[in-house]
Amino acid sequence: MASTIVWLRDDLRLDDNPALAAAATLPDPLTVVYILDEDSPGIRPLGAATKWWLHHSLSALAAGLEAHGSRLLLRRGSAARVIKDLAAETGASRLYWNRRYSQPERTIDDGIREWAAGQDIEAASFQANLLFEPWTVRTGSGGPYKVFTPFWRSCLDGADPRLPADPPGKLPRPAAGSSGRPLTGDRLDSWRLLPRHPDWSGGLGATWTPGEDGAHERLEEFLDSPVEDYARGRDLPGVEGTSRLSPHLRFGEISPFRVWHALRERFPRHAPADVGIFRSELGWREFCWQLLYENPDLATQNYRPEFDRFAWQTPSDAELKAWQQGRTGYPLVDAGMRQLWQTGWMHNRVRMAAASFLVKNMLADWRLGEAWFWDTLVDADAANNPANWQWVAGSGADASPYFRIFNPVTQSRKFDAGGSYLRSYVPELAELDDRTVHEPWRNPEAASGYPEPLVGLQESRERALETYQRLKDG
Ligand code: FAD
């Protein structure tokens with residue numbers, strides 16, 4: 001008897017899920033599977049924060065599928081092996097998935113598609129996670145864009161992204177194994193995705209609701225007001241001026257098509273400029289994915305190869321730990337790094353300042369920072385993370401010019417003038433007034449327990465510029 005497998009990956013949702021929607025139109029029994037693949041060659045292991053997220057997201061997805069008459073099967077191992085076994089167990093005649101765009105994953109998918117063709121299994125893939133697939137956005141000469149603005153203009157000049165589809169009603173009944181018994185899968189707990197000793201995830205649990213309901217709530221909250229002041233609010237780390245959709249988008253708990261059209265519905269005619277700016281942030285996500293698609297080694301290789309000669313300095317363990325743990329002596333950097341540790345997320349402006357501090361003031365290789373963010377961000381994303389690190393380091397596409405070195409003091413004075421963000425993550429600064437909270441070394445008694453600056457801003461800036469000059473001089 002015919003049966004369908006839907007293999008979910010970075011698309012942990014029922015809403016606007018084309019692979020699932022296609023299976024739902026068929027009468028045949030259905031297997032919805034998620035595979036924890038740590039075995040296929042080239043797969044980057046998840047970081048600790050994304051493991052935490054994945055656990056809760058899968059749990060929410062399983063409940064959602066059950067409410068629609070289906071179930072989520074969990075299996076672990078090399079994806080190709082698991083799919084082949086599952087197809088044999090269920091006698092599958094169709095295999096559906098939504099496309100993914102990074103290289104090891106594409107190689108796996110191509111291999112499975114080829115195998116399926118030989119088995120007379122119909123393998124079909126769908127567009128779900130990017131508004132504009134990388135190969136569809138091309139320059140006049142047919143190559144990929146290297147600069148964001150023309151890339152995004154070209155996206156906007158084309159057809160509007162398709163409308164999102166509502167979640168399916170009742171899903172087909174779950175497929176049985178060859179013996180007629182229900183298929184056996186792993187218990188989510190057995191994957192041990194949650195931290196145990198110590199369990200550091202309290203702050204994450206207090207901040208986030210993984211899963212598609214949590215994603216839709218975030219979107220609604222954002223549309224209810226912050227979006228209309230996004231141009232200003234997105235720069236202020238002390239206010240909730242951004243959507244905080246990033247981990248939900250990372251795991252595909254919300255469709256970018258849903259977000260796009262929710263903006264259209266909310267602002268049918270004259271959308272404020274803020275909406276256009278927010279849309280262009282979604283555009284940066286598309287651009288980063290296009291970069292990764294074209295440059296599969298984006299997380300390990302400089303996009304601009306001349307940076308292979310850059311004289312990074314290896315920080316001591318103590319220096320690197322001071323940055324990771326928010327003890328650099330610069331309040332904005334430290335507040336950001338502690339926000340990251342406590343909540344798995346950091347405000348974008350602070351990400352830029354903290355990253356610039358590591359790669360320019362400390363002159364450390366951007367890959368060290370990228371790896372730390374990969375481990376600690378709940379939104380750690382295979383494209384956005386390396387592309388943004390390379391952007392800050394100057395080695396990336398359309399990168400920030402090297403001489404742009406964020407000054408953490410000027411930045412916090414400008415974007416957290418009253419110091420509310422600084423004080424909320426760095427309690428040692430609670431007694432400082434609004435002026436010295438940005439420069440605690442001016443009142444060391446009131447900032448007792450807070451470290452002295454790890455490096456001087458002026459001399460470290462000069463050292464960075466000289467190092468860059470040497471690179472330019474060849
Ligand atoms: P909003 O301002 O509400 O933006 C909406 C969405 O647009 C985001 O959810 C995200 O999907 C996308 N977006 C926004 N800014 C960017 C950007 N600069 N590049 C790519 N997409 C963007 N973002 C990640 O999703 N994952 C990462 O691993 C990641 N690592 C980063 C590392 C560094 C060093 C820097 C400077 C930025 C990084 N970003 C990353 C980009 C950005 O900081 C986050 O996307 C943003 O802070 C998420 O918060 P938000 O959802 O409230 O964003």
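The values are calculated or read from the model by the stated rules, or taken from the named source; none is laboratory data. Computed from a predicted model, the values in this text were never measured in an experiment. Reconstructed Cβ throughout: ideal geometry from the backbone, glycine too, with neighbour counts over all protein chains shown. Only protein heavy atoms, including side chains, enter the accessible area calculation; ligands, DNA and RNA are left aside. Shrake-Rupley method; radii C 1.70, N 1.55, O 1.52, S 1.80 Å.
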Scan region 319-332 and tell me whether some residue there is outside any helix (DSSP H, G or I), away from the ligand (no atom under 15 Å from the Cβ) and either without any contact (Cβ under 8 Å) to a residue 60 or more places away in the chain or closer than 22 Å to Thr50 by Cβ (or both). yes
Looking at Gly233 and the list (1) closer than 29 Å to Glu212 by Cβ; (2) open to solvent by 20 Å² or more (accessible area, probe 1.4 Å), which single condition is not satisfied? (2)
Given the structure, is Arg279 in contact with a Phe, Trp or Tyr (Cβ under 9 Å, 6 or more places away or on another chain), farther than 30 Å from Arg423 by Cβ, within 12 Å of the ligand (Cβ to nearest atom) and charged (D, E, K, R)? yes
Has region 432-453 got any residue that is touching a residue at least 60 places away in the same chain (Cβ under 8 Å), in contact with a helix residue (DSSP H, G or I) (Cβ under 8 Å, 6 or more places away or on another chain) and closer than 24 Å to Trp284 by Cα? no
Inside region 139-152, can you point out the residues that are more than 21 Å from the chain's Cα centre (by Cα) and surrounded by 14 or more Cβ atoms within 10 Å (Cβ to Cβ)? Pro144, Tyr145, Pro150
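The rows are residues; the columns are (1) of a type in the set (Asp, Glu); (2) open to solvent by 50 Å² or more (accessible area, probe 1.4 Å); (3) at pLDDT 95 or above.
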position: Ala79; (1), (2), (3): no, no, yes
position: Gly91; (1), (2), (3): no, no, yes
position: Leu95; (1), (2), (3): no, no, yes
position: Thr107; (1), (2), (3): no, yes, yes
position: Asp120; (1), (2), (3): yes, yes, yes
For Trp289, which of the numbered conditions (1) assigned by TED's automatic domain parsing to the domain that holds Trp441; (2) within 12 Å of the ligand (Cβ to nearest atom); (3) open to solvent by 20 Å² or more (accessible area, probe 1.4 Å) fails to hold? (1)
If you go through region 336-367 one residue at a time, how many are open to solvent by 20 Å² or more (accessible area, probe 1.4 Å) and within 10 Å of the ligand (Cβ to nearest atom)? 4
Given (1) in contact (Cβ under 8 Å) with a residue 24 or more places away in the chain; (2) in contact with a strand residue (DSSP E or B) (Cβ under 8 Å, 6 or more places away or on another chain), index of the condition Pro247 fails: (2)
Given the conditions (1) at negative phi; (2) surrounded by 16 or more Cβ atoms within 10 Å (Cβ to Cβ), every one holds for Arg435 apart from (2)
Of everything in region 368-422, what is away from the ligand (no atom under 12 Å from the Cβ), charged (D, E, K, R) and buried (at least 19 other Cβ atoms within 10 Å of the Cβ)? Give them in sequence order. Asp416
Those residues of region 160-185 which are open to solvent by 60 Å² or more (accessible area, probe 1.4 Å) and not hydrophobic (A, V, I, L, M, F, W, C), in sequence order: Asp160, Arg162, Asp166, Pro167, Lys170, Arg173, Ser178, Ser179, Arg181, Pro182, Thr184
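Would you mention how many residues in region 388-436 are part of a helix (DSSP H, G or I) and within 30 Å of Glu306 (Cβ to Cβ)? So that I can check it myself, show each step before the final result.
Going residue by residue through region 388-436, those that are part of a helix (DSSP H, G or I) are 388-393, 408-415, 420-425, 427-429, 436.
Still in the running and within 30 Å of Glu306 (Cβ to Cβ): 388-393, 408, 410-411.
Adding up the residues that qualify gives 9.
So, Asp235, is that one within 21 Å of the chain's Cα centre (by Cα) and farther than 26 Å from His56 by Cβ or not?
So Asp235 passes the test.
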On the given criteria, is Pro195 outside the structural domain of Thr4 (by TED's automatic domain parsing), touching a residue at least 60 places away in the same chain (Cβ under 8 Å) and either within 30 Å of Leu282 (Cβ to Cβ) or under 24 Å from the mean Cα position of the chain (by Cα) (or both)? yes
Scope region 258-305; condition outside any helix (DSSP H, G or I) and over 16 Å from Val227 (Cα atoms); matching residues: Asn295, Pro296, Asp297, Leu298, Ala299, Thr300, Gln301, Asn302, Tyr303, Arg304
Exactly one of Pro167, Pro210, Pro198 is in contact with a Phe, Trp or Tyr (Cβ under 7 Å, 6 or more places away or on another chain) and in a loop (DSSP other than H, G, I, E, B), and that one is Pro210
Take region 203-244 and flag every residue that is β-branched (Val, Ile, Thr) and either away from the ligand (no atom under 12 Å from the Cβ) or within 25 Å of Arg423 (Cβ to Cβ) (or both). Thr207, Thr209, Val239, Thr242
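Quick one: would you say Glu122 is of a type outside the set (Val, Ile, Thr), under 14 Å from Thr4 (Cα atoms) and touching a Lys or Arg at 6+ places or on another chain (Cβ under 6 Å)?
yes
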Out of curiosity, is Pro168 touching a residue at least 24 places away in the same chain (Cβ under 8 Å) and of a type outside the set (Ser, Thr, Tyr)? yes
